[in-house]
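Right, I'll just put the structure down here and ask away after.
The values are calculated or read from the model by the stated rules, or taken from the named source; none is laboratory data. Please read these numbers as outputs of a predicted model, since none were measured by experiment. Ideal geometry is used to build each Cβ from the backbone, glycine not excepted, and the neighbour counts take in all protein chains shown.
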């Protein structure tokens, strides 16, 4: 089945692509995970009848790590702390002044996904009434990107880290070709079993950032035609 390429550029003052192996004081990956890139594409134009497969990330700003502190008040606090209305101070190592170019391919979802009970009926109808869902998504995506429209506001890892720019590629943006990093393990997806799936952590092994470019490994079980 034919795939249709899409791309965008995004930058911001702060980003956090959390490494799960860094525990209570999380540290950011140098580049976003597969699922983070997918989520940013879908924040521009979301449609459950089409699958987005991220292929590549280009790092377009020097890597600068920065200590970040915030008061956490979410549901992962201890029950006693929640009862008193208190929080705790969360320490993290984030990236600052980031810029990336993202690439992906889109194609219609597999027939078995559309037959799942939780799959939206409106999306199923749109898919059956559209002669080329992948091409339609591509055209709508790039039109929305040029206009600055989005389904939801994209963010750089954590929701408090909004972008300073997202849109088409800018001529002044340059790949940081001096960045070469080997990642023994990198989180790929948390919900990896299709639409409305349960939590299922998936990792890529021996991921390389070469000359500022991260190419996501192709996984046949998730990227199958």
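Could you please give the count of residues in region 140-156 that are part of a helix (DSSP H, G or I) and surrounded by fewer than 12 Cβ atoms within 10 Å (Cβ to Cβ)? Talk me through it step by step, then tell me what you get.
Filtering region 140-156 down to residues part of a helix (DSSP H, G or I) leaves 140-147.
Pick out the ones that are also surrounded by fewer than 12 Cβ atoms within 10 Å (Cβ to Cβ) and you get 143, 146-147.
Adding up the residues that qualify gives 3.
Another one. Within region 13-29, can you find the residues that are assigned to a strand (DSSP E or B) and either closer than 17 Å to residue 184 by Cα or touching a strand residue (DSSP E or B) at 6+ places or on another chain (Cβ under 6 Å) (or both)?
Matches in region 13-29: 14, 15, 18, 27, 28.
Sticking with this one: Name the pairs: first residue in region 86-102 and at positive phi, second residue in a strand (DSSP E or B) and surrounded by fewer than 16 Cβ atoms within 10 Å (Cβ to Cβ), Cβ to Cβ under 8 Å, at least 6 apart or on different chains?
As it stands, the answer is 97/13, since those pairs meet every condition given.
Right, here's the next one. Suppose we keep only residues that are more than 20 Å from residue 157 (Cβ to Cβ) and modelled with pLDDT of 95 or more within region 1-22. Which one would you say is surrounded by the most Cβ atoms within 10 Å (Cβ to Cβ)?
Just the residues of region 1-22 that are more than 20 Å from residue 157 (Cβ to Cβ), to begin with: 1-6.
Narrowing the set further to residues that are modelled with pLDDT of 95 or more leaves 5-6.
Details: 5: 10, 6: 23.
My answer is 6.
Residue-wise test of (1) modelled with pLDDT of 80 or more; (2) out of contact with any helix residue (DSSP H, G or I) (no Cβ under 9 Å at 6 or more places or on another chain); (3) under 30 Å from residue 172 (Cβ atoms).
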position	(1), (2), (3)
97	yes, yes, yes
107	yes, no, no
110	no, yes, no
117	no, yes, no
125	no, yes, no
129	no, yes, no
136	yes, no, no
149	yes, no, yes
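Still on this structure, I have one more. Just to be sure before I move on: is residue 54 in contact with a helix residue (DSSP H, G or I) (Cβ under 7 Å, 6 or more places away or on another chain), at pLDDT 95 or above and either outside any strand (DSSP E or B) or at negative phi (or both) in the structure I sent?
Details: in contact with a helix residue (DSSP H, G or I) (Cβ under 7 Å, 6 or more places away or on another chain): yes; at pLDDT 95 or above: yes; either outside any strand (DSSP E or B) or at negative phi (or both): yes.
So residue 54 fits the description; yes.
Report yes if some residue within region 157-171 is at pLDDT below 90 and in a loop (DSSP other than H, G, I, E, B); otherwise report no. Full working, then the answer.
Here is the first cut: in region 157-171, the residues at pLDDT below 90 are none.
Looking for residues that are at pLDDT below 90 and in a loop (DSSP other than H, G, I, E, B), one finds none in region 157-171, hence no.
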